[in-house]
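Read the structure below first, then the notes.
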Amino acid sequence: MEEVLVKCERIDHFGRGIGYVLGKIIFVPNLLPKEEAMVKIVLDKKKYMVGEVIKLVKKSDDRILPKCGYENCGCALKSLKYEKTLEFKKEKVIDILKRYSGLTNVVKEIVPSDNIYGYRNKITLKVKGGRLGYFKNGTNDLIEIKRCEIASHKSNEIISVLKELDLSKVREIIIKDFGEVMIIIKGELDIELLKPLVDSIYMNARLVYGKENIVASLGEFKFYLSKDAFFQVNSGVALKLYNKVLDYLDVSSGKNVLDLYCGTGTISLFLSKYFDQVVGVEINEEAVKCATLNKNLNNISNVMFICGDVSKEVSGLMAEQIVVDPPRSGLTSAGINDILRINPDRLVYVSCDPMTLARDLKLFKDNYEVKEVTLFDMFPWTYHVESVCLLVKR
Ligand SMILES: C[S@@+](CC[C@H](N)C(=O)[O-])C[C@H]1O[C@@H](n2cnc3c(N)ncnc32)[C@H](O)[C@@H]1O
């Protein structure tokens, strides 16, 4: 396809360089503001184009040599200085909140990750034609990898062993490393060489080696983790985030708190010391089982968990304060109406997608004031950012 010279004006919310070719916008991954590059046009649509850098002509002072050379993986910002990636994420959330919910001057700071490499305690590897790697962003094209710089040391050891094995009958391998290690395999694989490295192996949803659940430590708590239940991928940042949730709640008022979308009960347990009662609601049965085990493991008695859909379960509940930590899709309108009916004094909204956060905050606007938003760099080098937002009843 055609090659053109592109001057990068800025980067979009997905970390792609933006330039113009004959007046039409072009998105170019791995091109930084003020850089110029010869770009191959790989997609030419009516309103926009997508390109790939062939050769950098003018380089930004903010460019660094990334630790890995894989292109189009999830680390869209890996060629940018770390402190600049933090600035990018902060500006992105400020822009989204202003544009989609009219909020200004609410974003306070972005808390960096202490570990910027080897921070991920869970990775999902794809296998295609016996080759191991990640899918290129938004495609089923495999990028074969030898190691991954954001994965833990142990995960990379396991990757080295996997690369020696016959993976022809495997589709996906998930590695969870929380000190104790679990591997979840979709497909058929000879696991003998993996056993000495791990505590638990599942194959096609069946436990074939070791423990049913592994144990993770976070602050003063221990948590059982199952095959499918959610757990934050960066434990160091998760701990800071949970402390901010606590900081945003009014502990002096005691009483009852709801932890909606509670996963394995992490936030509920963190809050249990400071409130009379915490009730967690979670749809994933496995996660609720773990949450109950975790409550007992940590000798906590003032927490209970309900297994069900937030949109259905919350209507009968009451609380003075509420924490929500929904998936990327955000809250449902039924969920928002239920929260408005419960009418808590404070609402702390933990979000992994600023777009759905902005959409939802707009719906709370008449009843709640957004006091402050703190950002957390849970996923260094990617364009993702975690937000914790304090809303107080007007
Ligand atoms: C971002 S995670 C938060 C988990 C937990 N707060 C933590 O920090 O580990 C979102 C959780 O919401 C759960 N979930 C998704 N949709 C739900 C729904 N409609 N009702 C209840 N829980 C839901 C998911 O299973 C997942 O555990």
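The values are calculated or read from the model by the stated rules, or taken from the named source; none is laboratory data. Quick caveat, the model's predicted, so the values are computed rather than measured. Note: ideal-geometry Cβ built from the backbone for every residue, glycine included; neighbour counts use all protein chains shown. Just the protein is used for accessible areas: all its heavy atoms, side chains included, with ligands, DNA and RNA removed. Shrake-Rupley method; radii C 1.70, N 1.55, O 1.52, S 1.80 Å.
Among the conditions (1) touching a helix residue (DSSP H, G or I) at 6+ places or on another chain (Cβ under 9 Å); (2) farther than 17 Å from F178 by Cβ; (3) open to solvent by 10 Å² or more (accessible area, probe 1.4 Å); (4) near the ligand (Cβ under 10 Å from one of its atoms), L246 misses just one, which is (4).
Filtering Y383, Y349 for residues that are aromatic (F, W, Y) and either assigned to a helix (DSSP H, G or I) or more than 14 Å from I110 (Cα to Cα) (or both) leaves a single hit, Y349. Considering region 205-243, and only residues there that are more than 13 Å from the ligand (Cβ to nearest atom) and of a type in the set (A, V, I, L, M, F, W, C), the residue that is surrounded by the fewest Cβ atoms within 10 Å (Cβ to Cβ) turns out to be A205.
When L31, L5, L103, L80 are screened for being open to solvent by 30 Å² or more (accessible area, probe 1.4 Å) and farther than 30 Å from V348 by Cα, only L5 passes.
Results for (1) assigned to a strand (DSSP E or B); (2) touching a residue at least 60 places away in the same chain (Cβ under 8 Å), shown as yes or no for each residue.
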site: S272; (1), (2): no, no
site: V278; (1), (2): yes, no
site: V281; (1), (2): yes, no
site: F305; (1), (2): yes, no
site: E313; (1), (2): no, no
site: V323; (1), (2): yes, yes
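Based on what the data block shows, is L125 modelled with pLDDT of 95 or more and either hydroxyl-bearing (S, T, Y) or not in a helix (DSSP H, G or I) (or both)? Yes; evaluated as a whole, the condition is true for this residue. Checking each residue in region 1-38 for being hydrophobic (A, V, I, L, M, F, W, C) and farther than 19 Å from K78 by Cβ picks out M1, V4, L5, V6, V21, L22, I25, I26, M38. When restricted to residues that are within 11 Å of the ligand (Cβ to nearest atom) and over 18 Å from the mean Cα position of the chain (by Cα), region 307-354 contains 11. Within the span defined as region 158-171, one or more residues are on the phi < 0 side of the Ramachandran plot, part of a helix (DSSP H, G or I), outside the structural domain of K244 (by TED's automatic domain parsing) and in contact with a Cys (Cβ under 9 Å, 6 or more places away or on another chain).
Going through G15, G23 one at a time, which residue ends up being small (G, A, S) and within 23 Å of D141 (Cα to Cα)? Just a single option satisfies the conditions, and that option is G15.
Okay, residues lined up against (1) of a type in the set (V, I, T); (2) surrounded by 15 or more Cβ atoms within 10 Å (Cβ to Cβ); (3) at pLDDT below 95:
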{"residue": "L297", "(1), (2), (3)": "no, yes, no"}
{"residue": "M318", "(1), (2), (3)": "no, no, yes"}
{"residue": "P326", "(1), (2), (3)": "no, yes, no"}
{"residue": "D353", "(1), (2), (3)": "no, yes, no"}
{"residue": "R359", "(1), (2), (3)": "no, yes, no"}
{"residue": "V373", "(1), (2), (3)": "yes, yes, no"}
{"residue": "T382", "(1), (2), (3)": "yes, yes, no"}
{"residue": "V385", "(1), (2), (3)": "yes, yes, no"}
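Give region 267-295 a look and list any residue that's open to solvent by 10 Å² or more (accessible area, probe 1.4 Å), within 12 Å of the ligand (Cβ to nearest atom) and not hydrophobic (A, V, I, L, M, F, W, C), or say none. Scanning region 267-295 gives E282, N284, E285, E286.
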